[in-house]
1. When the dipole is taken about the Cα centre of the chain, and only Lys, Arg (+1) and Asp, Glu (-1) are charged at their Cβ, what size is it in debye, to the nearest 20?
2. Among Thr130, Thr35, Thr74, which one shows the highest mean-square fluctuation when the chain is modelled as a Gaussian network with alpha-carbon springs under 10 Å?
3. Put +1 on the Cβ of every Lys and Arg and -1 on every Asp and Glu Cβ in segment 1-117; which of Asn8, Leu104, Ser57 then has its Cα farthest towards the positive end of the dipole?
4. What number in nm² do you get for the chain if you take the convex hull of its Cα atoms and divide its surface by four?
5. Let's see if you can work this out: charge +1 on each Lys and Arg Cβ, -1 on each Asp and Glu Cβ, no other charges. What is the dipole magnitude of segment 11-57 about its Cα centre, in debye to the nearest 20?
6. Report, in whole Å, the centroid distance computed from the Cα atoms of segment 46-115 and segment 125-152.
7. Can you tally the net charge around Thr35? Count Lys and Arg as +1, Asp and Glu as -1, for every other residue whose Cβ sits under 14 Å from the Cβ of Thr35.
8. Taking the Cα centre of segment 30-122 as the origin, how large is its charge dipole in debye, to the nearest 20, when only Lys and Arg (+1) and Asp and Glu (-1) carry charge on their Cβ atoms?
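Quick note: the coordinates plus some simple rules give every number you see, no bench work behind them. Remember, it's a predicted structure, so these values are computed and weren't measured experimentally. Because the Cβ atoms are built from the backbone with ideal geometry, glycine has one as well, and the counts that use them run over all protein chains shown.
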Amino acid sequence: KNLQAIKNQAYCNCEIVVVDDGSTDDTVSVAKKFTHHVYARKHAERSVQRNFGANKSRGEYLLFLDADMELTTTVIFDCVAKIKSDFRIGALAIPEKPVANNFLEQVKAFERSFYSAKGDPDTDAARFFTRKAFVQAGGYDETLIGPEDWDLPETISKLGYKIDRVHTLVLHYER
């Protein structure tokens, strides 16, 4: 669903880079149907994999998604428009809408509902970056395991960039 949702974006100038970290399903073969930028790399931390993918890409903007996420149709369009509206913006948070099926997923979705819709700087982490801000910040800190999602926007903010938010949603399948 994730890759098809990227292909269905209202903003159609998208380059897809997939970095697979040793999945045991058909991720690599499925991804190759959507892009030739598919890299199978085993057992590196998330920050290492994200920086690797960013280095393989060529776009002016970077959007980092996890396998359990799905873009709604105008996410990238809205992110690009928001960043172009203010040159001081270096990164954007995108609110997540939880999708849950079983009880534990519903509990997690309920907890997330307290902060996802309105936004919360303590829980929101930017996923969309200008390449310029990302590079100036040095990308994700590869020594961090866990808080890297919050560290990078904080570093970008310290460089003088503004961290903002769009209202368009990313679906997050709670598993």
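1. So the magnitude is around 680 debye.
2. Top of the fluctuation ranking is Thr35.
3. The one lying farthest along the dipole's positive direction is Ser57.
4. Directional mean of the projected Cα hull area for the chain stands at 9.9 nm².
5. Using only the charged Cβ atoms, the result is roughly 120 debye.
6. 13 Å
7. +3
8. Details: 15 positive and 12 negative charges, 105 e Å.
About 500 debye.
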